[in-house]
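Note sheet for the following structure.
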Amino acid sequence: MTSKTSKSTTLNRRSLIAGGAALAAAPFSFHTARAQEATIKIGFPVPLTGPYGAEAQDQVRAAEVAIAEFNAGGGLGGRKAELLVRDDKLNPGEAATRALELIENDKANFIVGSLSAAVQLAINNVTKQRGVIFNSISQSDAINEVADFSKYTFHEALTPHMTAGAVGRYAFSKFGKKVAFLTADYAYGHEMVRGFQEAGKGMGVEVLGDIRHPIGATDFSTLLPRLQSMKPDILVINNFGRDQQIALKQATDFGLKKTTKIVVPIMLFTGRQAAGLAAFDGVIGGTSYYWGVEDQLPSAKSFNDQFRKMHGGRVPSDYGAMGYAGVRTVLQAVKNAGTAETDKVITALEALKYDYYKGPQYFRKCDHQSVQSVMIIECKTKDMRNEADVFQVVASEAPNEANLRSCEALGHKA
Amino acid sequence: MMTQAASQDQSVIMRTEGVGKTFGRFVALKDITAEFRHGAITSIIGPNGAGKSTYFNLLSGAFAPSTGKVLFEGRDVTGLAQHKFAHLGIAKSFQITNVFPLLTTHENIRVSLQALVSRFDIFRPRTRLHELDDEAEALLERVGLAGHRHRLAGSLAHGEQRALEVGMALASHPRLLLLDEPTAGMSPEETRTMMDLIVRLAQERTVILVEHKMKLVMGISDRLLVLHHGELLAEGTPDDIRRNDTVKRVYLGQREH
Amino acid sequence: MAGLTLDLIGMQLFAGVALGAVYVLLAIGLSLIFGMLTVVNFAHGAFYMLGAYVGLWLMAHGGNFWLCLVLVPLVVGGIGLAVERVLIRPLYGRGIDYPLLLTFGLSYIIVELVRITFGKAGFPFDTPEVLQGAVDIGVGYFPLYRLFVIGATAVILFGLWLFLERTSFGLIIRAGARDPLIVRVLGVNVSRVWLIVFGMGTAIAAFAGLLAAPLQGVIPEMGGTILAEAFVVTVVGGMGSLLGAVLAGILVGVVVSMTSLFAPEMAKVAIFALMALVLLIRPQGFFGRAGLMS
Amino acid sequence: MATDLAFEANRQPSPMLEWATRHRVALASLFLLVFPLVMPFKALAVMILIYGLYALGFNLLFGYLGLLSFGHSALFGAGAYLCGIAIVHFGWPWYLAIGLGLVAGMVVALVIGALAIRTRGIYFAMVTMALSQCVYYLFYQAVDLTGGENGLRGVNLKFVNIFGFQVDFLDPLSRYYIICSFVIAALWVLSRILASPFGAVIEAVRENEARARASGYDVMLVRLLTFVLSGAFCGLAGALLALHLSTVPIETMHYETSGLAVMMCLLGGMGTFFGPFIGAAVFLLLENLVSVWTSHWQLFVGLAFMVCVLFFPRGIWGTVMERMKA
């Protein structure tokens, strides 16, 4: 059933987003297929509507690849897996409701998904109360902290600390020590700043200023003259998605790039496509994954090929790929444990050493954070092989627990 | 609520001392000093634009005067909030019919009655206020609407709505009743009924009325005030006014209609 | 506040005015439509977004930016005419809630249709080549395109002024905005006036969307965010007042830019705080009619 | 802003309808008992209860008093946050936390109301929106207490103790009935308010402000008191939301949540007793059903609105009531 593919083109995406054929075929059986007991159900709440709809759709596609692989491999002794896609609308309240639906009504065995810090924390609060494993595929530092963490909480995505740290270490050593920040005024932005500052410790980095803007800003023209007047070597723009695209575009218009290197903690594949080369040109950023590493990494090659095969030749995006890893880790743990029973799957996940698409990874014991590589990328301006060939990987920081916040700092007993 | 200035002439219920009203640069009313006698029917007359309605609004507390003072039973009520006038014993009817159109006539009266006894009672069923029901019934009877108690006020005929409004004004047991052109837009028959009602009501309380049609009020008024261009032109008994040359010139000279 | 120089303040002022220009264009349409039709147009942001997308489509099909400046308002204005004629006209005389709700529903539909047609992800919108780069305005280098936005807004305002002051149709609109009843008394074909006013309002919104596209890129949600701010501008200026919309638009732009200088994270809430302040002191806005819609 | 839906006015309706009106809370309770069984899932049924209650509180101001507020999200959100904060940071028992949420709704209503009631019409809507945005910002910035943009997590309630019985709050059906009992109590209180002398005053002020003033009512005070009462219902709804979701998203306070109340109210029929509930149910159900089926659910929601406005201007319940009367 998971072979059902959402075929989308850039200009026509009127495709059903439901993850399974059952949903598409029977639109009003919203209880979702009352499949036989044996099915392993993975609830997958992602923001299909809202500004990250494109990323969310890609997450669904990638998750479908993981499901298809699992089922093609015979499942768990014949037990197949099923993906229950829900639209969380990027709203934590909606996401919590969807998580409740998935757990209470659909009897989902696991929850994987989310694409915002607030949403994943809301889902996590619901799942941990009910003892359901949740593997988050969206960035946040808070979810690893003791207040929110539970043994049911896993974090497949990078954390702001890891991303910002890797990008910072790379940029500070290359482009200069005078740094200014432009930061979205919410936890994600603050966490990124903290990550950069810790990376800069001992490197002689001088912070000239940190200008905070309200989240969801559409205009940065009133902030840019100030940043310009600070004359930094590096301008770090700590925001996400659309905020980032507009900020980069307008910084380019104001001519900031002439004197300053612009750095972003996360440079989105879809963002680059939406905002165009001009805005992103010359910008250095971090990412969890860029499909172009397939030339060096066999696991990336194999994942990309599966994805291309199932989804009409398109390549996976960074956030999309985490949908794959998020679902596949859980299913692999199920296989290893030989059961879908929660406690045994947790043990299996904790023991898992995997390389599914971006090199070796494993979950750290104390906070279930996936220790993994961080890639540093920059825009390609020439020699592009195709429309999707927009970045080149200029460096890659190998997985290293030392680059994570320490278990003690997170409040866990060592 | 009681009169405090014993030195005041007990026969005067309301008094304005040099009141005036300006709207922006427009002077609607200037420097009017006048007295209204207890138990009398006093009519305020004058041609269109004379400032009658402005004066009425100052008396009824709809807005505060720009200059001067308004005294009710010797007490200075200048600038007091409109709703407090009802509690002092001053009630009014509007020039343009003003009822609660989507409430029944009975509800209209009862809400008005309730203002004096139970304004912020949010939990007891209102149907338990039996005494109000009975009183509302009596008032409907009084203004001749007993047969219409379940009709929506908005669906009443014009004359009936005006009568209802007088009923609502009476609900606060006013000692002073202010009526702004109570017969405006009425048929001759409705007008006659209304005039009879006013005379009957005046037996128990003071009435001040604003009227454009002078003939109508000559017969029933004890005293008259004549306004012209925002100023007090004359005051006196109907006979005084009839004989007053200035009044004749500016007012009677006009064609009445 | 190190580095706070006069030059910087000057730059901020310019940035504020440029920001305000887009608000002004949106608020004028809102105000015009509200003043004449007493319709609180919640689809205004959707028309703004539509302007950017129509421009995008035209550019992709061989048009250039200058042609778009003419064609986009015509196309979207035409859609506005149809919307007024078919959807809004049946609602006149039913109070302000119904058109408000209808246009709210309509905005959902327009945004979703755009998502279906163009996709959920946004598109870049290149600044026209001759307007790229920054110029020295005496206090620093300012993006040329933003100066163009100020200029284009001024041209639209001037054109609108000429239209309102010098044409008999403009006279009707001015009278109508002051008192909708007058138009009827004058014996004018009211429904035709309203139709054209709505079309004009949406055309100006679309023009604003097109102007904003090179500043921000284009996404289906772009109208939603700015609508709330445009409402603030309209209300601060006084609903139904064109002069109010212009002054309030620039004021809001400058308030945002000045807040950005001292407490940038408060730039957004500053807009609302400003509105609350203005309305508490002057409940009908700068130039609004008192007691309107109550 | 005239509404022509004054069903509370006794104008000799049919005995059947009168009986139903008198016992409307009892009838509604019966319906709510079986309601979760016909819903796609229990959590949705709870959301309908909570948003229904929120819209109900909003309707007291909008439908009955005739004031359009765009700031109700602040009342709703304050209820949710204060209830959540009491549990997360101060370890209060759940029932006291709910009480605090209710009071918080009233307090925020008092502050916003005191500032805004002097403005009218569309300006009132805008002032309330602006002030609620300021409240939003306050809660957004108080990260230590509210969690800021990440929302407040940890409003965890495992069991509730009711007269010695330990009820599992994580069980979907028990949770529904516990929350339902609060909603029914609120319905009963609202029904009493509407039938009280003050209920008559509210309608009188809506019908004719000048007349009400001349009759001796302090219109400003009536407005303020109604706003505060409305805040109590919305605050309660917010508190229940916090307990149900076990988190409080900052979105609860966003002005779009205010817009939601307006939409639900108009959809169901403003100024009618059950309209807001019906509106909430239809809105959430529609959104839920369609969004499982297609990510373009907003198209259908938009269409539903337009159809409603064009063809059922009195809202769903308003139209039903009208038919029944005719």
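The values are calculated or read from the model by the stated rules, or taken from the named source; none is laboratory data. The shown structure was predicted, so the numbers you read here are calculated from the model rather than taken from an experiment. Using ideal geometry, Cβ is built from the backbone for each residue, glycine included, and neighbour counts are taken over all protein chains shown.
Summary of values
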| read-out | value |
| --- | --- |
| Any hit, region C:161-184, residues being within 26 Å of C:ALA245 (Cα to Cα), within 10 Å of another protein chain (Cβ to nearest Cβ) and more than 17 Å from the chain's Cα centre (by Cα) | no |
| Cross-chain or 6+ apart pairs with Cβ under 7 Å, region D:25-50 first and more than 14 Å from every other protein chain (Cβ to nearest Cβ), then assigned to a helix (DSSP H, G or I) and crowded, with 21+ Cβ neighbours inside 10 Å | D:ALA28/D:LEU187; D:PHE35/D:ALA45 |
| Helices (runs of 4 or more DSSP H) wholly inside region D:77-183 containing at least 3 residues that are of a type in the set (S, T, N, Q) and on the phi < 0 side of the Ramachandran plot | D:121-141 |
| Strands (runs of 3 or more DSSP E) wholly inside region B:1-117 containing at least 2 residues that are within 10 Å of chain D (Cβ to nearest Cβ), at pLDDT 90 or above and surrounded by 24 or more Cβ atoms within 10 Å (Cβ to Cβ) | B:90-93 |
| Residue under evaluation D:TYR217, criteria (1) assigned to a helix (DSSP H, G or I); (2) buried (at least 18 other Cβ atoms within 10 Å of the Cβ); (3) not hydrophobic (A, V, I, L, M, F, W, C), criterion not met | (1) |
| Residue in region B:98-107 that is more than 30 Å from B:ALA64 (Cα to Cα) and under 17 Å from the mean Cα position of the chain (by Cα) present | no |
| Which numbered condition C:ASP97 fails, given (1) touching a helix residue (DSSP H, G or I) at 6+ places or on another chain (Cβ under 7 Å); (2) over 27 Å from C:ALA175 (Cβ atoms); (3) free of Cβ contacts under 8 Å to residues at least 12 places away in the same chain; (4) acidic (Asp, Glu) | (2) |
| Long-range neighbours under 7 Å by Cβ, at least six apart or interchain, first residue closer than 17 Å to A:TYR324 by Cβ within region A:74-89, second basic (Lys, Arg) and not in a loop (DSSP other than H, G, I, E, B) | A:GLU82/A:LYS41; A:LEU84/A:LYS41 |
| Positions within region A:170-185 being more than 24 Å from A:VAL394 (Cα to Cα) and free of Cβ contacts under 8 Å to residues at least 40 places away in the same chain, in sequence order | A:ASP185 |
| Some residue of region B:122-138 being in a helix (DSSP H, G or I), at the interface with chain D (Cβ under 7 Å from one of its Cβ atoms) and either within 20 Å of the chain's Cα centre (by Cα) or surrounded by fewer than 19 Cβ atoms within 10 Å (Cβ to Cβ) (or both) | no |
| Number of the condition not met by D:SER230 [criteria: (1) more than 14 Å from chain B (Cβ to nearest Cβ); (2) touching a Gly at 6+ places or on another chain (Cβ under 7 Å); (3) of a type in the set (Ser, Thr, Tyr)] | (1) |
| Qualifying residue in region B:163-173 (condition: more than 11 Å from every other protein chain (Cβ to nearest Cβ), in a helix (DSSP H, G or I), of a type outside the set (Gly, Ala, Ser) and surrounded by fewer than 17 Cβ atoms within 10 Å (Cβ to Cβ)) | no |
| Breaking point among (1) surrounded by fewer than 24 Cβ atoms within 10 Å (Cβ to Cβ); (2) assigned to a helix (DSSP H, G or I); (3) not basic (Lys, Arg), for A:LEU90 | (2) |
| Entirely in region A:330-400, the strands (runs of 3 or more DSSP E) that have 1 or more residues that are closer than 28 Å to A:GLY282 by Cβ | A:374-379, A:391-397 |
| Cβ-Cβ under 8 Å pairs, at least 6 apart or on other chains, region D:202-216 side facing chain B (nearest Cβ under 7 Å) and touching a residue at least 40 places away in the same chain (Cβ under 8 Å), far side among the acidic types (Asp, Glu) and surrounded by fewer than 23 Cβ atoms within 10 Å (Cβ to Cβ) | D:GLU203/D:GLU8 |
| Output for region D:131-154, where each listed residue is within 20 Å of C:VAL252 (Cβ to Cβ) and either touching a residue at least 24 places away in the same chain (Cβ under 8 Å) or within 13 Å of chain A (Cβ to nearest Cβ) (or both) | D:LEU131, D:SER132, D:GLN133, D:TYR136, D:TYR137 |
| Index of the failed condition, A:TYR188 passing every other in (1) farther than 20 Å from A:GLY93 by Cβ; (2) in a helix (DSSP H, G or I) | (1) |
| For D:LEU286: the one exception among (1) farther than 22 Å from A:ASP148 by Cβ; (2) more than 11 Å from every other protein chain (Cβ to nearest Cβ); (3) in contact (Cβ under 8 Å) with a residue 60 or more places away in the chain; (4) assigned to a helix (DSSP H, G or I) | (3) |
| Evaluation of B:ARG192 against (1) within 12 Å of chain D (Cβ to nearest Cβ); (2) surrounded by fewer than 18 Cβ atoms within 10 Å (Cβ to Cβ); (3) more than 30 Å from D:ALA186 (Cβ to Cβ) (one fails), failing number | (1) |
| Of all residues in region D:282-292 being surrounded by fewer than 19 Cβ atoms within 10 Å (Cβ to Cβ) and modelled with pLDDT under 90, the one that is farthest from the chain's Cα centre (by Cα) | D:LEU289 |
| Helices (runs of 4 or more DSSP H) wholly inside region C:198-294 containing at least 1 residues that are at the interface with chain D (Cβ under 9 Å from one of its Cβ atoms) and in contact with a strand residue (DSSP E or B) (Cβ under 9 Å, 6 or more places away or on another chain) | C:267-281 |
| Answer from B:VAL250, B:VAL199, B:VAL207 - the residue that is hydrophobic (A, V, I, L, M, F, W, C), over 27 Å from B:VAL143 (Cα atoms) and in contact (Cβ under 8 Å) with a residue 60 or more places away in the chain | B:VAL250 |
| Unique match (being touching a residue at least 24 places away in the same chain (Cβ under 8 Å) and away from chain B (no Cβ under 14 Å)) among D:LEU190, D:LEU170, D:LEU157 | D:LEU157 |
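Condition check ((1) surrounded by fewer than 24 Cβ atoms within 10 Å (Cβ to Cβ); (2) in contact (Cβ under 8 Å) with a residue 60 or more places away in the chain; (3) of a type outside the set (Gly, Ala, Ser)) across all residues:
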site: D:GLY84; (1), (2), (3): no, yes, no
site: D:ILE87; (1), (2), (3): no, yes, yes
site: D:VAL111; (1), (2), (3): yes, no, yes
site: D:ALA114; (1), (2), (3): yes, yes, no
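Condition check ((1) small (Gly, Ala, Ser); (2) assigned to a helix (DSSP H, G or I); (3) within 11 Å of the chain's Cα centre (by Cα); (4) at the interface with chain A (Cβ under 10 Å from one of its Cβ atoms)) across all residues:
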site: C:GLN12; (1), (2), (3), (4): no, yes, no, yes
site: C:LEU30; (1), (2), (3), (4): no, yes, yes, no
site: C:LEU50; (1), (2), (3), (4): no, yes, no, no
site: C:LEU56; (1), (2), (3), (4): no, yes, no, no
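Residue-wise test of (1) over 23 Å from B:MET186 (Cα atoms); (2) touching a Phe, Trp or Tyr at 6+ places or on another chain (Cβ under 6 Å).
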site: B:GLN82; (1), (2): yes, no
site: B:ILE90; (1), (2): yes, no
site: B:PHE94; (1), (2): no, no
site: B:ASN98; (1), (2): no, no
site: B:PRO101; (1), (2): no, no
site: B:ASN108; (1), (2): no, yes
site: B:SER112; (1), (2): yes, no
site: B:ARG128; (1), (2): yes, no
site: B:GLU131; (1), (2): yes, no
